[in-house]
Amino acid sequence: MFTKRLFIAAAAMAITTFAAPTWADNGLMTIIVNDPSNPYWLTEGQVAQKAAEKLGYSAKVSAHKGDTNTESQLIDTAITNKSKAIILDPANADGSVGSVKKAIAANIPVFIINAELNQSGLAKAQLVSNNAQGAAVGAMEWVKQVGDTANYVELVGPPSDNNAATRANGFDTVLSQYPTLKKVGQEVANWDRTQGFNKMQSLLQANPNIKGVISGNDEMALGAIAALKEAGKLNQIKVGGFDGSPDAVDAVKAGTLAYTVMQPVAQFAQKAVEQADSFLKTGKTGAASEKQLFDCILITKENAGNFVSPFVLKQ
């Protein structure tokens with residue numbers, strides 16, 4: 001695990017310092033992701049970069065790591081570098097609106113991926129996972145594996161990210177239908193594995209008799225698994241994840257993670273670049289609407305072996 005995380009960190013460093021090649025005919029496409037130390041955002045940037053280069057653009061990938069000030073500076077850089085288009089995973093549903101407006105004022109079209117803005121009509125497209133659908137699918141599998149009578153806890157993402165609330169609400173819509181399921185604790189762990197570990201330790205200390213943990217993403221879930229393993233309770237408590245990251249899929253195969261819900265990030269990251277290319281050439285994205293939802297896929301032991309690459313499942 002330590003070696004794998006070193007590899008991800010090295011890849012993350014590479015992705016944030018990538019120098020755009022000078023030979024591309026169609027100009028620069030700037031891709032801004034959250035934090036590529038997380039394999040989800042690493043894949044997001046890599047797929048978008050590859051798609052842009054295939055279409056004849058140079059591609060520069062950078063990361064704001066959830067900070068709107070950094071995001072604003074990266075948008076300034078994209079403007080200075082005369083980017084043809086910006087592919088942006090926003091840092092904050094509200095706080096990123098100003099940066100997007102700044103790019104638009106410079107006549108650079110913006111294409112939003114993964115985390116939507118709270119204002120429509122700015123981005124040419126918003127391509128996001130169907131988080132409500134994915135949360136419902138995950139919660140139903142969670143009940144199937146945990147049972148309909150249990151005390152449980154929840155790990156949630158940052159309040160600034162609409163996806164965190166959407167998934168939490170989706171979980172609640174399903175789990176609230178079972179009166180003998182009782183949520184006895186909830187902690188914000190900010191999509192982070194270390195925070196998931198620490199928050200799980202606190203939750204477990206306060207609630208030693210829980211039977212399940214439902215998590216808004218895989219990194220928090222994997223942190224929870226590490227805490228439960230350290231406490232000697234991993235075989236007594238089921239943990240469910242969300243994202244479909246490579247580490248999570250490995251954990252599903254190993255039986256330490258009950259399931260994960262895969263977001264089709266590789267699909268919509270590529271699609272966003274293709275729509276940007278279409279808009280630059282024709283003035284239209286080719287999509288029927290600005291906001292586009294991509295359904296998530298439940299990953300269990302039965303289909304975990306069907307992965308052909310990160311966040312890509314064999315059809």
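The values are calculated or read from the model by the stated rules, or taken from the named source; none is laboratory data. Treat the numbers as computed from the prediction; the structure is a model and nothing was measured. Ideal geometry is used to build each Cβ from the backbone, glycine not excepted, and the neighbour counts take in all protein chains shown. Side chains are part of the model used for accessible areas, which takes the heavy atoms of the whole protein and leaves out ligands, DNA and RNA. Shrake-Rupley method; radii C 1.70, N 1.55, O 1.52, S 1.80 Å.
Over region 131-262, accessible surface divided per residue gives 39 Å², non-protein components excluded, 1.4 Å probe.
Would you mind checking Lys50/Lys284; Lys50/Lys229; Lys124/Lys183 for any pair whose Cα atoms are more than 31 angstrom apart? Going by Cα-Cα distance, Lys50/Lys229; Lys124/Lys183 fall outside the 31 Å limit.
P(r) tail, region 42-91: Cα-Cα pairs separated by more than 11 Å, 69% of all pairs.
For the chain, the longest principal axis of the Cα atoms and the long axis of helix 162-175 meet at an angle of about 30 degrees. Only one residue of Ser62, Cys296, Asn209 has its Cα farthest out toward the positive end of the dipole of the chain, where Lys and Arg carry +1 and Asp and Glu -1 on Cβ, and that residue is Cys296. Applying both filters, DSSP loop and at most 16 other Cβ atoms within 10 Å, to the trypsin sites (Lys or Arg not before Pro) of region 127-229 gives Lys211.
Residue by residue, region 104-109 carries 3J(HN,Hα) couplings of 5, 4, 8, 6, 10, x Hz when phi is fed to the Karplus relation 6.51 cos²θ - 1.76 cosθ + 1.60 (θ = phi - 60°); x denotes Gly or Pro. Under 5 Å between amide hydrogens, built in the peptide plane, is the criterion, and for Ala93 it picks out Asn162 among residues at least 5 positions away or on other chains.
The HN-Hα couplings worked out from phi for region 120-126 by the Karplus form 6.51 cos²θ - 1.76 cosθ + 1.60 (θ = phi - 60°) are 8, x, 9, 6, 6, 7, 10 Hz, whole numbers, x standing for Gly and Pro. Computed over all pairs of different Cα atoms, the Kirkwood value for the hydrodynamic radius of region 50-121 is 12.4 Å. When only the Cβ of Lys, Arg, Asp and Glu is charged (+1, +1, -1, -1), the dipole of the chain relative to its Cα centre reaches about 280 debye. For region 77-90, 3J(HN,Hα) computed residue by residue from phi via the Karplus equation (6.51, -1.76, 1.60; θ = phi - 60°) reads 5, 4, 5, 4, 7, 6, 4, 6, 7, 10, 9, 10, 9, x Hz, glycine and proline entered as x. The base-10 log of I(q)/I(0) for region 131-262, evaluated at q = 0.15, 0.21 Å⁻¹, reads -0.58, -1.25 [Debye formula, identical scatterers on Cα atoms, solvent excluded]. Separation of region 178-219 from region 144-174 is 10 Å, based on Cα centroids.
For region 218-257, the Kirkwood hydrodynamic radius comes to 9.9 Å, computed from all pairs of different C-alpha atoms.
Volume per residue, Å³, of the convex hull around the alpha-carbon atoms of the chain?
Taking the convex hull of the Cα positions in the chain, it is 125 Å³ per residue.
For the chain, which whole percent of the accessible surface, found with a 1.4 angstrom probe, sits on carbon and sulfur atoms? Summing carbon and sulfur atoms, their accessible area is 50 percent of the total for the chain.
The distance linking region 250-269 with region 71-141 is 24 Å (Cα centroid to Cα centroid, whole angstrom).
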